[in-house]
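Notes to accompany the following structure.
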Amino acid sequence: MNRASRPEADRPSYVLGVLVAVYVANFVDRQVLSILNEEIKRDLALSDGEMGFLYGTAFAVFYALFGVPLGRLADLWVRRSLIAASVAVWSAMTTLSGLARNFGELAAARIGVGVGEAGASPAAFSLLSDLYPPARRATALAIYSSGIYIGSGLSLLVGGEIVCRWDAAFAAGGAPLGLRGWQAAFFAVGLPGLLLAIWVGTLREPRRGALDGAPPVPNDARPFAAFGRELAAVIPPFTLLSLFAAGAGARRIAANAAAAAAIALAAGGLVRATGNAAQWIALGVGVYAAFSWAQALRLRDPASARVILDTPTLRWSAVGFALLAFTGYGLGYWIPPFFLRVHHVPIGRVGLWVGATAAVAGWLGVTAGGVLGDALRRRTPLGRLWVAGAGALLPLPLVPWMLGTASTPLALVLNFPVSVASAMWVGVGAATVQNLVPPRMRGTASAAYLLVITFIGLALGPYTIGKLSDWLGLRAAMLWGLTVNVAALGCLLMAARHLRRDEVAR
């Protein structure tokens, strides 16, 4: 049966449901490392900082960098095809993670997962924005984003259960290929994604901008040529060639060289201070590449650059949401190891209790945040930022209580409202970005937004808390990580000062 003969494929709710399944798989594959943290750390003799690097930076830098050209491709090509290809790549790389025998091999596989996952969300954000009108967009994007928490919860449930059963079954040895339980878990969560990729390829592609009153925007005749140019703009050393090709003068080249030198000096200082060369070299390359891409965008597409890079609300809100992501990713990754180490809860029970909490509470928080954000947005343009501000404030008393109690049941109960509050900003953040840019720029704007979220939130959050844990202990490290929410609130207040004017100027 072809796509045209299936009426359900034309319903926005059907497409949304499939894309939620995509995002669930995305975060199962990404987050399963958390429940496997202690097993991998022991078998490969790694530190908390190195585990934070594997989960965060190794994944995040390539996820962010490839997200920019793939976001551009989402503006020019068939979005369902891009999403399907992305699912296939990251699922294959997750499966290969199960064959890793050392830090380097696992890092390489995590890089591949990051590259694969980079293409999904910019295309999904753009596609859903053409299926749901502006008044319902935050709700739709929040429901889509609930896949973060459903997937994170499932990853803990599935990963913990597989490790328990596999290691029990082969306690005396004889496991197939000599695999450990954590390696088998990667196979179990990676392989089903290859079937999901086929399903995504059957979705309907909506017309761009139809619900915003924009004229038809056809797909580009040569989308991969534009993708190649955008890729060159973010991959050193092709970044300089890209600037020359875009007509950069001596002043811009000098600015690029000065930025490279400053980033190299900063990275070198951080390597000496922390002893983690891979973390800061990778992040430094990523920041330099992002700077070069922004320069190239100003030359190739000055209209998009002015909107995406120079709109005050976008700048302040992107940093504010990214700082909330720092806490969300950082605490979210280290909460399972916290219960394993501090409360000595068995891995299977951590997978069940913490996984169920992550799935239910995270889904509730992100969905309620989107619905509440849309409702408040009808009363005031600041409504969505109010919801994000609440998500920044509520964890401040809850997290110290959860980390400080000696009662394991109470800590597990408190993890529920912490997870709800930490998820409230996700849908309203995506909707804020989408509503501040024209339809033709949504994929690129989403990629730029995710780049900031990824560098600050994912590349720094889990690593920073992991490194602080090596120095101070895990509980103290998580408390220090929480203080970032105060800075996030300040950025959101600055965004609120400009929002009304910037929405009118769009």
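Only the coordinates and a few stated rules stand behind these numbers; no lab work does. Values in this document were obtained by computation on a predicted structure and should not be read as measured data. So basically every Cβ, Gly included, is an ideal-geometry build from the backbone, and we count neighbours across all protein chains shown.
Of the helices (runs of 4 or more DSSP H) lying entirely inside segment 382-471, those containing at least 3 residues that are more than 30 Å from THR311 (Cβ to Cβ) are 395-404, 408-423.
Taken as a whole, the condition of being small (Gly, Ala, Ser) and either within 18 Å of LEU33 (Cβ to Cβ) or touching a Gly at 6+ places or on another chain (Cβ under 7 Å) (or both) applies to SER91. Just one residue in the set VAL371, VAL413 is surrounded by fewer than 24 Cβ atoms within 10 Å (Cβ to Cβ), farther than 21 Å from LEU323 by Cα and within 24 Å of the chain's Cα centre (by Cα); that residue is VAL371. Take the conditions (1) farther than 26 Å from GLY348 by Cα; (2) surrounded by fewer than 24 Cβ atoms within 10 Å (Cβ to Cβ); (3) under 19 Å from the mean Cα position of the chain (by Cα); (4) not aromatic (Phe, Trp, Tyr); LEU73 misses just one of them, which is (2).
The single condition among (1) closer than 29 Å to ALA392 by Cα; (2) in contact with a Ser or Thr (Cβ under 9 Å, 6 or more places away or on another chain) that LEU297 does not satisfy is (1). Of everything in segment 104-161, what is among the aliphatic types (A, V, I, L, M), in contact with a Pro (Cβ under 9 Å, 6 or more places away or on another chain) and in a helix (DSSP H, G or I)? Give them in sequence order. Listed by number, the residues that qualify are LEU127, LEU128, ALA140, LEU156.
Per-residue answers, yes or no, for (1) among the polar types (S, T, N, Q); (2) over 25 Å from the mean Cα position of the chain (by Cα); (3) more than 30 Å from ARG384 (Cβ to Cβ); (4) outside any loop (DSSP other than H, G, I, E, B):
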residue: PHE224; (1), (2), (3), (4): no, no, yes, yes
residue: LEU231; (1), (2), (3), (4): no, no, yes, yes
residue: LEU240; (1), (2), (3), (4): no, yes, yes, yes
residue: ALA254; (1), (2), (3), (4): no, yes, yes, yes
residue: GLY268; (1), (2), (3), (4): no, yes, yes, yes
residue: ARG272; (1), (2), (3), (4): no, yes, yes, yes
residue: VAL287; (1), (2), (3), (4): no, no, no, yes
residue: SER292; (1), (2), (3), (4): yes, no, yes, yes
residue: TRP316; (1), (2), (3), (4): no, no, no, yes
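Annotation: ALA100 fulfils all but one of (1) assigned to a loop (DSSP other than H, G, I, E, B); (2) surrounded by 22 or more Cβ atoms within 10 Å (Cβ to Cβ); the unmet one is (2). The number of residues in segment 447-489 that are under 16 Å from LEU394 (Cα atoms), free of Cβ contacts under 8 Å to residues at least 60 places away in the same chain and buried (at least 21 other Cβ atoms within 10 Å of the Cβ) comes to 0.
GLY249 versus (1) within 27 Å of ALA58 (Cβ to Cβ); (2) surrounded by fewer than 17 Cβ atoms within 10 Å (Cβ to Cβ): which is the lone unmet condition? Here GLY249 clears every test but (1).
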